[in-house]
Amino acid sequence: MIAAMIKLVYNGKEKSYDDWIVPAKVLADLQVVDVSSVVAVELDGKVYDLMRKIPPGAYNLSLITADSEKGLEVMRHSCAHVMAEAIKQLFPGTKLGVGPTIENGFYYDVLPPTQIRDEHLPKIEEEMRRLVQKNSRFERIEKPRDEALDIAKKAGEDFKVEIINQIDPKDSLSFYKDGDFMDLCRGPHIPSTSWIKAFKLTKISGAYWKGDEKNVMLTRIYGIAFDTEDKLKKHFELLEKAKEIDHRKLGMKLDIFSSDLNIGPGLTLWHPNGAVIKYLIEKFWYDLHLNCDYQIVSTPHIATEDLFKISGHLENYKDFMYGGFETDNRTYRLKPMNCPFHITIYRSTNRSYKELPIRYAEMGTVYRYEKGGVMHGLMRVRGFTIDDAHVFVAPDQVEEEVNRIYDLTLNFLGRFGFKGLETQLSTRPKEFIGTIEEWNSAEKSLENVLKGRGVKYGVELGGGAFYGPKISVYIKDSLGRSWQCSTIQLDFNLPQRFKLQYADKTNTQSRPIIIHRALMGSVERFIGVLIEHYEGKFPYWLAPVQVKVLTVGKDAEEYAKEVQKILKDNSVRVKLDSSDDRIGGKIRVAIDEKVPVIAVLGVKESQERSANLRIRGSEKQTVVKLSELIQFLSSVNS
């Protein structure tokens, strides 16, 4: 009897084959009831077309449907393929670069013989729809490298030739063909073009080949795609909403922050309102850490290159580092990371196991050179503050400490009203330091924490840094957008580079593990996310101005000043508008400023020793006695 070459397990059912097989046949053999929405399958984490041959081996099989994230990615990649075909039809002689998927869509880099402009997008869309309606089947064609190279050369696809030349001659490559069009591609693809249901081309930009300014400039065409027209429509509605609450727009309108070319791109100027928000977040952060047994440290903004040579940053991160200026015959640089400084504090004296864990925390400002094209308001800047902490632990303390950090993360993020947190575990990459045993132990510790807490989490296979696995926590804003926020990263590398030690219970010198962790990532980016999440309507505790006092006529001015003083004396952030403007205009200004509480004071309120309050989000007015005002405000949570 011939031993089975392929074994597949799906939902407890097992099928074995002694010859090549494709997923579509397996689904039929397994009598999967509803295959009409299945676009591909996943075999032990790798996605396969329905008609791609499965190589010998044993696999766990799962289905990928059109409406799933992985299914959408397959469909969007196929949409990029169809767009390339449409461009070649409309602009003969176009050379193709690459066409990957991106969040919610796709793009393709092309070099057309004539310029493609925005007005051409509807024509390209129309041609794409014609190709979709042809219902051409996607066919995978595998070729040895030399044959693939010959095909690309005959087609005049210079960029594909360059890609193939970088492939090992022993390897084979794949093309995908639908109708008369064929493109070098790893896949996977949907079964046929008719699976593409809803798409729209959105914009054109320039992009250097391989991102290198020395290479030719290509035309990059972007598109959006979903599995239904309704989802596509809702996506564009969401984009319009996102434009309205863009943190750059609101940041200017609410006088929170700005930047100036005379100071430098990517360097933030916090205006009074923004500085108050930043202070309040940092105060909450400091109080929380002091209560959780962290030691607050503070480190310089510069250091000699010697420090960054030891840490490896100068070798691996030099292009992103500022500085290189000479002082006292030594070269200094602005710090891109806080960790080497915290490690230096740890090394300042001999350590014992009795001291561990040692938890250092700092609001540490760092500087990293980002290319001009990637900077974006507060989300991507060159100077920013990381809410950094480094915890030095013995190997057997990792699990308990990660649990503590996860608690701290939930506590911190919960204060800002984020719900529906998502968690991801990133595991050992191909290139790593340390032993397999250390990695297995570290990954198991992180898994145990997440499973012990009942946390649903995704796994990014091979997504860890070369020096250790990590947990990432993602927040969702008011528009349902996901933002990576908190990270818990294990590190075997820096303890080795800096030769860190502690005396264990047998008085033997042992090496600690470092846990890098940040709750916000960076203060700048976090505030940018908050501005959009709250749509500029910061909650009462975080609002730069909590109460705005408005006067009706001059007769109420003295009373308004008295109310203002009482509020200030009780640590309420208050602003007084006693201008001669009409009260309706004053109220509109205060509403535009998104102040949580507006207090209108006229002669009547002065005589009755009261305040007429308008609470943001409520249409009714509330009259409160002055003697009860502070207590009332303590209950406001708008």
Looking at this structure, is G434 small (G, A, S) and not assigned by TED's automatic domain parsing to the domain that holds Y279? no
Out of the residues in the range 399-458 that are part of a helix (DSSP H, G or I) and among the acidic types (D, E), state the one that is modelled with the lowest pLDDT. E438
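Among strands (runs of 3 or more DSSP E) lying entirely in the range 469-532, which contain 1 or more residues that are more than 20 Å from R359 (Cα to Cα) and in contact (Cβ under 8 Å) with a residue 24 or more places away in the chain?
So the answer is 470-476, 482-491.
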Scan the range 583-591 and give yes if some residue there is surrounded by fewer than 21 Cβ atoms within 10 Å (Cβ to Cβ), charged (D, E, K, R) and either in contact with a helix residue (DSSP H, G or I) (Cβ under 7 Å, 6 or more places away or on another chain) or within 30 Å of A465 (Cα to Cα) (or both), otherwise no. no
Before we move on, is A556 buried (at least 20 other Cβ atoms within 10 Å of the Cβ) and within 30 Å of E282 (Cβ to Cβ)? no
Conditions (1) at pLDDT below 90; (2) among the charged types (D, E, K, R); (3) at negative phi: number failed by D44: (3)
Can you tell me how many residues in the range 426-452 are within 14 Å of E399 (Cα to Cα) and aliphatic (A, V, I, L, M)? 4
Condition met for L576 (within 25 Å of I277 (Cα to Cα), out of contact with any Ser or Thr (no Cβ under 7 Å at 6 or more places or on another chain) and in contact (Cβ under 8 Å) with a residue 12 or more places away in the chain): yes
Looking only at the range 184-201, which residues are surrounded by fewer than 20 Cβ atoms within 10 Å (Cβ to Cβ) and modelled with pLDDT of 95 or more? A198, K200
Against the definition (touching a His at 6+ places or on another chain (Cβ under 7 Å) and within 21 Å of V47 (Cα to Cα)), how does G105 come out, yes or no? no
Scanning the range 511-527 for residues that are under 15 Å from R382 (Cβ atoms) and of a type outside the set (A, V, I, L, M, F, W, C), the one farthest from the chain's Cα centre (by Cα) turns out to be E524
What residue, of G364, G324, G372, G383, is on the phi > 0 side of the Ramachandran plot and either in contact with a helix residue (DSSP H, G or I) (Cβ under 7 Å, 6 or more places away or on another chain) or not hydroxyl-bearing (S, T, Y) (or both)? G324
For the range 593-616, name all the residues that are out of contact with any helix residue (DSSP H, G or I) (no Cβ under 8 Å at 6 or more places or on another chain), within 23 Å of S634 (Cα to Cα) and without any contact (Cβ under 8 Å) to a residue 40 or more places away in the chain. E608, I615
I'd like to check something: does the range 389-397 contain any residue that is without any contact (Cβ under 8 Å) to a residue 60 or more places away in the chain and surrounded by 18 or more Cβ atoms within 10 Å (Cβ to Cβ)? yes
Is it the case that the range 124-145 has a residue that's under 17 Å from S205 (Cβ atoms), touching a residue at least 60 places away in the same chain (Cβ under 8 Å) and in the same structural domain as D178 (by TED's automatic domain parsing)? yes
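The values are calculated or read from the model by the stated rules, or taken from the named source; none is laboratory data. The structure presented is a predicted model; accordingly, all values stated were derived computationally and were not measured. Here the Cβ is made from the backbone with ideal geometry for all residues, glycine too, and neighbour counts use every protein chain on show.
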